[in-house]
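The values are calculated or read from the model by the stated rules, or taken from the named source; none is laboratory data. Please read these numbers as outputs of a predicted model, since none were measured by experiment. Backbone-built Cβ (ideal geometry, glycine too); neighbour counts: all protein chains shown. Calculation scope for accessible area: heavy atoms of the full protein, side chains included, ligands and nucleic acids excluded. Shrake-Rupley method; radii C 1.70, N 1.55, O 1.52, S 1.80 Å.
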Amino acid sequence: MATSFRFAASLRRASQSPRPAPCLSRFRSTVQVRWTGSTSATSEPHQPVEKGIGKGGAAPAKVIKFTSEAYPELQRNSRFAKLTQEHVDYFQNLLGAESAIIDGLSKDASEDIEPFNSDWMRKYRGHAQLVLKPQSTDEVSKILKYCNDNLLAVVPQGGNTGLVGGSVPVFDEIVINLQKMNNIRSFDEVSGILVADAGVILEVADNFLAERRHIFPLDLGAKGSCQIGGNVATNAGGLRLLRYGSLHGNVLGIEVVLPDGTIVDDLSKLRKNNTGYDIKQLFIGGEGTIGIITGISILCPQRSPAINVAYFGLESYEKCQEAFKEAKNQLSEILSAFELMDGRTQKLINRATGKKLPLEGEHPFFCLIETSGSNTDHDNEKLQSFLEHVMETSIVSDGVLAQDQTQIQELWSCREGIPECLGHWGGVYKYDLSLPISDMYDLVNDVRDRLMKAGLVGDEDFHPVVDVVGYGHMGDANLHLNVPTRRYDKEVEKQLEPFVYEWVQMKNGSISAEHGLGIAKKPFIGYSRSDTMIRLMKQIKDLYDPNGIMNPYKYI
């Protein structure tokens, strides 16, 4: 267990003492550890690797409702052609290897196709009959040109770890999965610039960089499954954003194939290039609606050799804000993560897993901070000063400080384990929102009050809702509002939507901070974007994809 602390005065005494052995004690001096890359500050979903598919693979088909049935207002676009044997024969001749194509048209391949047809949350399921796995940008180009010429709709797919249904078909679109495009093309250890295929697994890229004392500027709980091309296409966020910024800033160049087969080779390795429109930004967060990213060039920072993680209990959301303010002021350049978790999430982790939490007492809120730097003595001094201050001023009520790599993993599990544990009772309504920090938790309270008044929350099985909880990236003003349920219920949905989106709109927030739009949030984009912005986005879509074959029925 990590070292526990209560009194700031004991830190000053401990800082002059020999390094203690890891054990239960009050507020002893920190022990620095070398970062190995075996644990991560992550965002949801957190899932093990299973043949490239998240969370133990796709759910059995019988338990996943077809998206076309769940969204009856969606109708298949009659302009799109239906797959024929002639089409399948073309792709077989093009890709050659039997492993590069899953043909469900001429034979029964439903079991093989199902993981590509459904998402890890067991919420979305399509009717695709064909999965293509190209190995090169040239093959992607020929696939898209043929599909565009023949009006065959397609769905680009990476690791299929998204949360809004953006990476699976709705009807019978052809799935183009990039798992076979998995080569790291080059890495410059002086500049820190990595060039790699879009199908490289995020964890593989990060481990490659770790061996060279660098770090990928993105970390997710799904890093063992997700692909970096998909990360860029969805503009994935995660915890490293506080320290390193978004992919819009870190991606220097991309290679992308347009719907007509045109290859856009813009794999720039330059940090400065002020020569015209920055076209690549359209594809970062474009969710595969105007082209397929096949390669990226990205700036990767030097890996910090010393990591510290602390976990605090606090008595109010106001205290959380004070702690964040002090962390920015006192830890500044070494602060790499600041995570917020309400006490309810931690109780549910305990209920779902039986796991003993790091702090013995109950607290309304918890915060987890991570520091990462290059100078152990310097980091120690700054962290100790910060801990003294937040304890002496009663901003923090109690806390623990990790002393080794195992304890770092234990503390991070209190954050990483939340998404998986919330699904323990059946399902989860998930909202990924950007809000002013001062207002973030008010939404959680308002939603909880609303569902309580409707009689939908309780401990008995006839109540559909288990609880209403909030957690997220406080450093980015990104709230994950989650409603764990025993079953999906239309009455619950009526209470949640559009109430949540109207609340966010009232605060000038965003209905999607990092998860994207996909199919889940397409109808609600108007709560975050003006009519003018939506019109401009549709014009871009029509310009690049006039036939509308790229990831239809989603985004805008």
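Yes or no, residue by residue, for (1) open to solvent by 10 Å² or more (accessible area, probe 1.4 Å); (2) more than 30 Å from R303 (Cβ to Cβ); (3) of a type in the set (A, V, I, L, M, F, W, C); (4) modelled with pLDDT under 95:
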residue	(1), (2), (3), (4)
S141	yes, yes, no, no
I176	no, yes, yes, no
N182	yes, no, no, no
A196	no, no, yes, no
**Message:** So, Q407, is that one out of contact with any Asp or Glu (no Cβ under 6 Å at 6 or more places or on another chain), surrounded by 20 or more Cβ atoms within 10 Å (Cβ to Cβ), in a helix (DSSP H, G or I) and not β-branched (V, I, T) or not?
**Reply:** yes
**Item:** The listed residue being aliphatic (A, V, I, L, M) and modelled with pLDDT of 95 or more, out of A222, A205
**Value:** A205
**Message:** Which residue is most open to solvent (accessible area, probe 1.4 Å), if the candidates are limited to region 273-327 and must be free of Cβ contacts under 8 Å to residues at least 40 places away in the same chain and over 29 Å from R212 (Cα atoms)?
**Reply:** Y277
**Request:** Return the only residue of G166, G162 being modelled with pLDDT under 95, closer than 30 Å to K521 by Cβ and surrounded by 24 or more Cβ atoms within 10 Å (Cβ to Cβ).
**Result:** G162
**Request:** Take region 132-152 and flag every residue that is under 18 Å from E86 (Cβ atoms) and not polar (S, T, N, Q).
**Result:** L132, K142, I143, L144, K145, Y146, C147, D149, L151, L152
**Request:** Among the numbered conditions (1) out of contact with any strand residue (DSSP E or B) (no Cβ under 8 Å at 6 or more places or on another chain); (2) assigned to a strand (DSSP E or B); (3) of a type outside the set (S, T, Y), tell me where P156 comes up short.
**Result:** (1)
**Asked** Would it be correct to say that D172 is surrounded by fewer than 24 Cβ atoms within 10 Å (Cβ to Cβ), touching a residue at least 40 places away in the same chain (Cβ under 8 Å) and assigned by TED's automatic domain parsing to the domain that holds S78?
**Response** yes
**Only one of D404, D439 that is more than 14 Å from A323 (Cβ to Cβ) and at pLDDT 95 or above** = D439
**Complete:** Subset of region 528-556, residues assigned to a helix (DSSP H, G or I) and open to solvent by less than 60 Å² (accessible area, probe 1.4 Å), comes to I534, M537, I540, K541, Y544
